[in-house]
Amino acid sequence: MPEVTVALVSELVPLVGHQVRIEGWTYAVWLLRDGSVCVLDNACKHVGSPLVDGAIEDGCVVCPWHGWRFDLRTGEHRTGFGPLRGVGTYPARIVGRKVVAELPDRRPGPAGAMTAPARSAWWRR
């Protein structure tokens, strides 16, 4: 995965998400209290809400629409039943005044697309 500049450090506020769009894909970037940065896919797995608007609690971003929790380091969906598959996370670090992340060079399908279910033709039968 190529390393890409996703933000300037001066654009970030600790624990407040920063949305970026790169090559048609939307990512959420956070500057944490310890000075590290996290980059995640910006769409919640539940209904696609923008994770960038979520609060940070106990190392997780909390989806602003329905409260789903995603670990900032692993992307795992944290539940009462244990961790489940979550959202994409990307290695990130600060280099000088920039935040760089290792983003995939190619991704399948349209960025952030939410597709409607296929329509049934039951009435034609």
*Subset tally (residues that are under 24 Å from V9 (Cβ atoms), surrounded by fewer than 17 Cβ atoms within 10 Å (Cβ to Cβ), touching a residue at least 40 places away in the same chain (Cβ under 8 Å) and not hydroxyl-bearing (S, T, Y)) for the range 24-54*: 2
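How about the range 35-63: which of its residues are touching an Asp or Glu at 6+ places or on another chain (Cβ under 8 Å) and part of a loop (DSSP other than H, G, I, E, B)? Steps first, please.
Filtering the range 35-63 down to residues touching an Asp or Glu at 6+ places or on another chain (Cβ under 8 Å) leaves 51, 59-60.
The one that is touching an Asp or Glu at 6+ places or on another chain (Cβ under 8 Å) and part of a loop (DSSP other than H, G, I, E, B): G59.
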*Would you point out which residue out of V100, V95 is surrounded by fewer than 13 Cβ atoms within 10 Å (Cβ to Cβ) and modelled with pLDDT of 55 or more?*
V95
*Report, by residue number, each residue of the range 64-78 that is touching a strand residue (DSSP E or B) at 6+ places or on another chain (Cβ under 8 Å) and not in a strand (DSSP E or B).*
P64, W68, L72, R73, T74, G75, E76
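Being closer than 20 Å to R73 by Cβ and out of contact with any Leu (no Cβ under 8 Å at 6 or more places or on another chain) narrows it down to one residue among V52, V29, V6; which is it? Before the answer, list the steps.
Values: V29 fails: out of contact with any Leu (no Cβ under 8 Å at 6 or more places or on another chain); V6 fails: out of contact with any Leu (no Cβ under 8 Å at 6 or more places or on another chain).
Only one candidate qualifies: V52.
The values are calculated or read from the model by the stated rules, or taken from the named source; none is laboratory data. All values reported here derive from a predicted model rather than from experimental measurement. Cβ atoms come from the backbone with ideal geometry, glycine included; neighbour counts cover every protein chain shown.
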